[in-house]
Amino acid sequence: MTAIDEVDQLERLNKRGRDLFGKTYGFSVDYNEPISQRIRYTSKLRTEYTAAQAQLPPHITAKLPPSTSASRKKEDAARKDVDALLNDILPPPPPAGSLLAKPSLDSTALTVRQETDTSTKSNDQQLMLRQQRQQQPQSSAARALIERQANVAQVRPEWHAPWKLMRVISGHLGWVRSVCVEPDNQWFATGAGDRTIKIWDLASGTLKLTLTGHIMTVRGLAVSPRHPYLFSAGEDKMVKCWDLEQNKVIRHYHGHLSGVYALDLHPSLDVLVTAGRDGVARVWDMRSRREVHILSGHKGTISSVKCQAEDPQVLTGSMDTQVRLWDLAAGKTQTVLTHHKKSVRALTTHPTEFTFASGSADNIKQWKLPEGGFMHNFSPQHNAIVNTLSTNSDGVMFSGGDNGTMAFFDWKTGHKFQEVETAAMPGSLEAENGIFASTFDQTGLRLITCEADKSIKIWREDPEATPETHPGIEWRPTLGRRRF
Amino acid sequence: MESGSVTYNEYGALVMTTGGSRANIPSYGKRQGWRPKTAEDYGDGGAYPEINILQYPLDLGRKKQGTSNALAIQVDGEGKIKYDAIARQGQAAGRIVHTSFSDLIPLRQRANIGEINLARPSEEEVALTTAKTKAAFDNILNGKADAANAKSITNSKTSEPTFIRYTPSSMMGDKAGGQRIIKMVDLPEDPMAPPKFKHTKVPRGPPSPPAPLLRSPPRKLTVKDQEDFAIPPSVSKWKNAKGYTIALDKRLAADGRGLQDVEISDNFAKLSEALYAADRHAREEVKQRALLQQRLADEEKERKEEHLRELARKVREERGEPRRRQRTVSPDEPRGRTMARGRSISRTPSGSGSRSGSYSSYDSRSRSGSYSRTPPNRRRSYSRSASRSRSGSYSRSPSRSLSGSRSRSRSYSRSPSRTPSRSLSRSRSRSRSLSVDARPSKFRRID
């Protein structure tokens, strides 16, 4: 076994450790620098490739038809040297003299080999010429093959304290389907299947007010940060604007053909976006109650809508498994994301990063805005129908399932660090385990979940937890090829 | 000759000639080997019949290719064919379509991604976007005519006449006139005229091309999946309009019997076992209680017999002395009914010292002597009590002495004293049943 093979073996053995801890402990050797890459590949190819280039035995060449000068030239050209091959992929090596001048680089091996190999002397000169001519002789496809290895190293997820139940608020007479926290963090409103909207004090959990007016379940709620209005949408096709100073409805937005399942307010314009069972999202001017746009394109019920100030300003997730990003000024779709296999029931945007996540029964996926690039799946999977997603400014994402399971994820790496099952109130049926809506409060320290056992639960991080006592679900990096 | 000259032809029309190429065209008879290559080589005329090639002067006569909707192959900057042009066909420029496999790979693992910037756009950009959107919205909202706004329906601007000042150009010879004013008036529209045009519905255009599905195709159904989700046809249990005869298993197929596993709870068996155990336990207790009661009764009987013997002895002693006084024994309550016999015995002033075996002599004696002397509320029907047959086992069983006298007599006295006519057995059973309720708890454990 040659020295090169031994080095390869050692490298393979140490690769995992280096990739995991190299950055932490500051290994100064960067094996992905172009020069070291070139050395590695050159030596590897020379060891293996030259053997494959072996001449045919003489008794066979005697039988072959005599080759003409042109064909022989072709044969010689076909047996290109390793350097010429690599020039297509890697940046060319610096000239031989300059390498010796830099003592830090172990590049003398390259020049030595070139001198001993007589057949390549002329090729070396060709190489120099080629270097002068071409600046970056790389084809992106071949480069991609090599550079991919550099990205496999993974980031360790940040530790988060586990979440535990703090308070249970009961008072609704039907499934609690929607929730919204006031911008000042004093109170929050919930809408339920008993057709009422109840306003609760956040600090104490006591009921402050009940608003009646809808005739079917209230599915969407939003409190405007710039006006004293509360907007509600129900399965009875009604979208109502409540004046919070008088506690009564002042506007109706008429136009939906079927139940409205989701509602959101635009942060900078006086516009609200609602969507529902008729498969279109409607953009309403708040003051004049007129539809500005009808965002059509989805073929199934739209289950969630999110609005933001930057383009794409509206994100919708639908039961036809598509997520669409809309250009609001034109009223047209900007991108369609078709990665999900099951209906997308939940969407959430990160408060500070320009990313969002979509949740469905098969996977929860994170996306980069504005082009909608797929970032990663949240793993290990939350194996349930995900009804709701919420994100914290600390980078904690919560997903609530239809069977009462809850999962908490780290946003940056997508690692699930806690999985909990809600405890339904005593006396509930087994079928009454389920989470329909959730939100973090404005500080991100409390999570409010709305459940199928007609209760509202408030969760908070365990204050006594430490990384040693509560490490959470273990994270193991997966190196090597992964299937997509 | 200059390249472009302006001349008049024989009709007086202006003719501009491009002289250079004109000079190149060989004249008639001298065109062997010459080929017209450009459109100018045809000059004013048409094709040259003596030159035997296909000629299309002014491009007339060419067979045109039918216009096709096929998408032409496009090539990107690197020279690779854009195969996703078909997915982007006919869409707005700002549309982003994900078409390649690399869109499936997580962003941080893609090969040529470079630095990923996840920061939100700056506030200036946001303000720009907001302003642009707001302007677009205003346009839309203002354009939409309000049905309530009647003024906007009639636009008065077009109905007024407009005046145009027209200055004809002096191109045509000397006919340049002065300026003219032209008045343009709208043709008056008959308000009662029927509509001139029919509103025809235009069919919708094709939708935008469907987005490529970046997910694995759905898994194939297995036989097991199909069987799990197979729904039997619904056959009504109540209605049968055409009178079909349907097999019983088909009638009950939609019942859901096969889907449920009927599980009988263990508690049924536990209940019946508990009942058996309780029954056995109760019987044991009853038996034990009966034994206990019997023991008590035996002891009581012993005591009473002792007492009687004592009395008899005393009487005998008294009788041994000269009979001075008659003993009257007050009938006291605690003695109960068994004392009735003793009383009757003690009351008789007869001379016989020994007790006779038969009750009838007692009976007569009691009746004769003591009945009139007893107070009316204490009179009992001695006849019945005396003639009672001894059905119980008090006399038969050997009398046992009890340590603690849980006095039976007390329970006897609890029963209403108005009815002493009840048989002993009945009273015993009743008292037994009474004491069942009052049994002490320490006897429960006997089993």
* To do: Could you name the lysines whose alpha carbon sits less than 29 Å from that of B:Lys301, not counting residues in the same chain fewer than 8 places away?
  => B:Lys287, B:Lys314, B:Lys442
* Evaluate Rg over Rh across region B:176-231, taking Cα atoms for both radii and Kirkwood's formula for Rh. => 1.58
* To do: Using only protein heavy atoms and a 1.4 Å probe, report how much of B:Ile181 is accessible, in Å² to the nearest 10.
  => 120 Å²
* To do: Give, ordered by residue number, each residue of region A:335-360 whose 1.4 Å probe accessible area is reduced by a minimum of 50 Å² on adding the remaining protein chains to the chain alone.
  => A:Thr338, A:His339, A:Lys341, A:Phe354
* To do: Show which aspartates and glutamates lie in cross-link reach of B:Lys239 when reach means a straight Cα distance below 19 angstrom and same-chain residues fewer than eight apart are skipped.
  => B:Asp249, B:Asp255
* To do: Tell me which residues come under 5 Å, amide H to amide H, from A:Arg446 once H is placed; ignore anything under 5 positions away on its chain.
  => A:Asp441
* Asked: Using modelled backbone amide H atoms (1.01 Å from N, in-plane), which distant-in-sequence or interchain residues come within less than 5 Å of A:Ala161's amide H?
  -> none
* Structure fact -> Over all Cα pairs of region A:163-475, the Kirkwood radius sets Rh, and Rg/Rh then becomes 0.94
* To do: Quick one: give the max-minus-min coordinate of the C-alpha atoms of region A:276-346 along each principal axis, largest first, in Å.
  => 39, 24, 17
* Quick one: what are the phi-derived ³J(HN,Hα) couplings along region B:43-55, Karplus 6.51/-1.76/1.60 with θ = phi - 60°, whole Hz, x for glycine and proline? => x, 7, x, x, 6, 9, x, 7, 9, 8, 9, 6, 10
* Report A:Lys15's accessible area, 1.4 Å probe, all protein chains in place, as a number in Å² to the nearest 10. => 80 Å²
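In region A:163-475, what percent of the accessible surface is made up of carbon and sulfur (1.4 Å probe, ligands and nucleic acids excluded)?
Details: 5320 of 11220 Å².
Carbon and sulfur: 47 percent of the exposed surface of region A:163-475.
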* Asked: Averaged over peptide A:323-334, how many Cβ atoms belonging to another chain are found within 10 Å of each residue's Cβ?
  -> 4
* Asked: Quick one: how many Å² of B:Arg313 are accessible to a 1.4 Å probe, rounded to 10?
  -> 100 Å²
* ³J(HN,Hα) computed for each position of region A:408-425 - Karplus, 6.51 cos²θ - 1.76 cosθ + 1.60, integer Hz, glycine/proline x -> 10, 10, 8, 5, 5, 9, x, 8, 7, 9, 8, 10, 10, 10, 6, 9, 5, 4
* Net charge dipole size for region A:163-475 [Lys, Arg +1 and Asp, Glu -1 on Cβ; Debye, nearest 20] -> 1020 debye
* How many Å² of accessible area per residue for region A:192-241, probe 1.4 Å? -> 37 Å²
* **Over region A:194-272 - Rg/Rh using Cα atoms and the Kirkwood inverse-distance radius** => 0.96
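Starting from the residue with the highest accessible area, list A:Thr349, B:Thr245 in decreasing order, probe 1.4 Å.
B:Thr245, A:Thr349
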* Per-residue average of Cβ from other chains inside 10 Å of B:98-111 -> 6
* Asked: Whole-Hz Karplus ³J(HN,Hα) for region A:202-210, in order, using 6.51 cos²θ - 1.76 cosθ + 1.60 and θ = phi - 60°, x for Gly and Pro?
  -> 6, 6, 9, x, 8, 7, 9, 7, 10
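With a 1.4 Å probe, what is the total accessible area buried between chains B and A, in Å² rounded to the nearest 100?
Separately minus together, B and A give about 4000 Å² buried.
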* Can you tell me the FRET efficiency between A:Thr50 and B:Gln74 if r is taken as the Cβ-Cβ distance and R0 is 35 Å, rounded to the nearest 0.05? => 0.25
* **Under-5 Å amide H pairs with A:Leu202, H placed in peptide plane, nonlocal only** => A:Trp187, A:Phe188
* Structure fact -> One finds, for B:Tyr83 and B:Asp255 with R0 = 51 angstrom and r their Cβ-Cβ distance, a FRET efficiency to the nearest 0.05 of 0.40
* Reach of A:Lys164 by Cα under 16 Å, taken over lysines that are not fewer than 8 positions away in the same chain -> A:Lys416, A:Lys457
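The values are calculated or read from the model by the stated rules, or taken from the named source; none is laboratory data. For clarity, every value in this text was computed on a predicted model and none was experimentally measured. Counting neighbours? That spans all protein chains shown, and the Cβs are built from the backbone with ideal geometry, glycine included. For the accessible areas, the whole protein counts, side chains as well, though only heavy atoms, and no ligand, DNA or RNA atoms are used. Shrake-Rupley method; radii C 1.70, N 1.55, O 1.52, S 1.80 Å.
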